[in-house]
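Report on the structure given below.
The values are calculated or read from the model by the stated rules, or taken from the named source; none is laboratory data. In this text, all values refer to a predicted model and were calculated from it rather than measured experimentally. Because the Cβ atoms are built from the backbone with ideal geometry, glycine has one as well, and the counts that use them run over all protein chains shown. SASA here: full protein model, heavy atoms, side chains in, ligands and nucleic acids out. Shrake-Rupley method; radii C 1.70, N 1.55, O 1.52, S 1.80 Å.
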Amino acid sequence: MTMPSERTRAIIQTREFLVDLSRDQALPEAVRTEAHRLLRHYPTADEVLLAGKVEEQRGDGLPWVFLSSRID
């Protein structure tokens, strides 16, 4: 089972990977362009961590959280 902190870390690392792809001149322009396009709407690390914090503090009684405010 994936823990919220693992899921949060994976989302943040995926953004970093897309940034790397978008800047890698060794890759075809189409790949760099697609990575850049995806990044336009991809959340930043701060946004993901904030969403985790909001989830952790919600008072709706659900027994689980999807994201975490920490990646450790």
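Which residue, chosen from Gly52, Tyr42, Ser5, occupies the Cα position most advanced towards the positive end of the dipole of segment 4-57, where the dipole is computed from +1 (Lys, Arg) and -1 (Asp, Glu) charges on Cβ about the Cα centre?
Tyr42
Taking the structure as given and computing semi-axes √(5λ) of the Cα gyration tensor in Å, which label from (i) 50, 20, 16; (ii) 36, 15, 10; (iii) 30, 11, 9 fits?
Step by step, semi-axes √(5λ) of the Cα gyration tensor in Å for this structure corresponds to label (iii).
On the protein heavy atoms, probe 1.4 angstrom, tell me the percent of accessible surface of the chain carried by carbon and sulfur.
Using a 1.4 Å probe with all protein chains present, the chain comes out at 57 percent carbon and sulfur.
Using a Gaussian network model on the chain with a 10 Å cutoff between Cα atoms, which of Leu18, Leu62, Leu50 fluctuates the most?
Ranking Leu18, Leu62, Leu50 by mean-square fluctuation puts Leu62 first.
Any idea how far apart Asp46 and Leu21 come out in nm if each label point goes 7 Å out from Cα toward Cβ?
2.5 nm
Would you mind checking the tilt of helix 4-23 against the longest principal axis of the Cα atoms of the chain, expressed as 0 to 90 degrees and rounded to 10?
It works out to around 20 degrees.
Cα-based Rg of segment 31-72 per 2.2 N^0.38 Å, rounded to two decimals?
In units of the 2.2 N^0.38 Å rule of thumb, it is 1.53.
Dipole magnitude of the chain about its Cα centre, charges +1 at Lys/Arg Cβ and -1 at Asp/Glu Cβ only, in debye to the nearest 20?
So the dipole magnitude of the chain works out to roughly 80 debye.
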